[in-house]
C-alpha cells in the first residue's frame, strides 16, 4: 500500500482499486462481457463496485469502450466547457446541460470531448 500511497492514491482509492482487481481476477466482473452490454447495463455493473459511481462508469464508457453517445452531465469540466461553448452567462446546471445534450444525440461523447478541450484551453 505504501507504494500506491507514494504515487498519491488515498487509502479509499487503494481499497477501491483492490476491489476492482479482485472482481476482475475472480471473474465477477468480466471486461469482455462489459464490452457487449448496453451502456445502461455497463453502468449498473460498474456502480455496483465499491468506489465507482456514475462519473467513473461514464468515463469507462467513453474512453475504454469508445461508446459514441455518453453524456456525462455530472462532470464539472463538461458543464463549464459547454457553458462556454454555448455562450451561457454562468455555468449551466445539470438539468440545462442534459437539455442541451439532447440536440447532440447520438454523438454526445464527441461533444463531451470538445467540452473538455474548451474547458482546458480557457482562452
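When you go through 82, 47, 62 one by one, which is the residue that is farther than 30 Å from residue 2 by Cβ, modelled with pLDDT of 95 or more and within 12 Å of the chain's Cα centre (by Cα)?
62
Say whether the condition of being assigned to a loop (DSSP other than H, G, I, E, B) and either at positive phi or in contact (Cβ under 8 Å) with a residue 12 or more places away in the chain (or both) is met by at least one residue in the stretch 7-24. Don't jump to the end; show me each part of the working.
Pass one, the stretch 7-24, residues assigned to a loop (DSSP other than H, G, I, E, B): 7-10.
Cutting the leftovers down to either at positive phi or in contact (Cβ under 8 Å) with a residue 12 or more places away in the chain (or both) gives us 8.
Yes, some residue in the stretch 7-24 is assigned to a loop (DSSP other than H, G, I, E, B) and either at positive phi or in contact (Cβ under 8 Å) with a residue 12 or more places away in the chain (or both).
Output the residues belonging to the stretch 86-97 that are within 22 Å of the chain's Cα centre (by Cα) and either over 17 Å from residue 114 (Cβ atoms) or not assigned by TED's automatic domain parsing to the domain that holds residue 112 (or both).
Answer for the stretch 86-97, where residues must be within 22 Å of the chain's Cα centre (by Cα) and either over 17 Å from residue 114 (Cβ atoms) or not assigned by TED's automatic domain parsing to the domain that holds residue 112 (or both): 93, 94, 95, 96.
Quick check on residue 70: is it within 12 Å of the chain's Cα centre (by Cα), part of a helix (DSSP H, G or I), in contact (Cβ under 8 Å) with a residue 24 or more places away in the chain and crowded, with 18+ Cβ neighbours inside 10 Å? Before you say what the answer is, go through the steps one by one.
Numbers: within 12 Å of the chain's Cα centre (by Cα): yes; part of a helix (DSSP H, G or I): no; in contact (Cβ under 8 Å) with a residue 24 or more places away in the chain: yes; crowded, with 18+ Cβ neighbours inside 10 Å: yes.
Taking the combined requirement at face value, the residue does not satisfy it.
So which residues in the stretch 93-123 are over 17 Å from residue 58 (Cβ atoms) and touching a helix residue (DSSP H, G or I) at 6+ places or on another chain (Cβ under 6 Å)?
Across the stretch 93-123, the qualifying residue is only 118.
Would you check which residues across the stretch 31-62 are touching a helix residue (DSSP H, G or I) at 6+ places or on another chain (Cβ under 8 Å) and assigned to a loop (DSSP other than H, G, I, E, B) and list them? Spell out how you get there, then give the answer.
Applying the first criterion (touching a helix residue (DSSP H, G or I) at 6+ places or on another chain (Cβ under 8 Å)) to the stretch 31-62 yields 31, 34, 37, 39, 42-43, 45-47, 49-54, 56-58, 60-62.
Correct list: 37, 49, 50, 51, 52, 53.
The values are calculated or read from the model by the stated rules, or taken from the named source; none is laboratory data. All values reported here derive from a predicted model rather than from experimental measurement. Methodologically, a virtual Cβ is constructed for each residue, glycine included, from the backbone with ideal geometry; neighbour enumeration extends over all protein chains shown.
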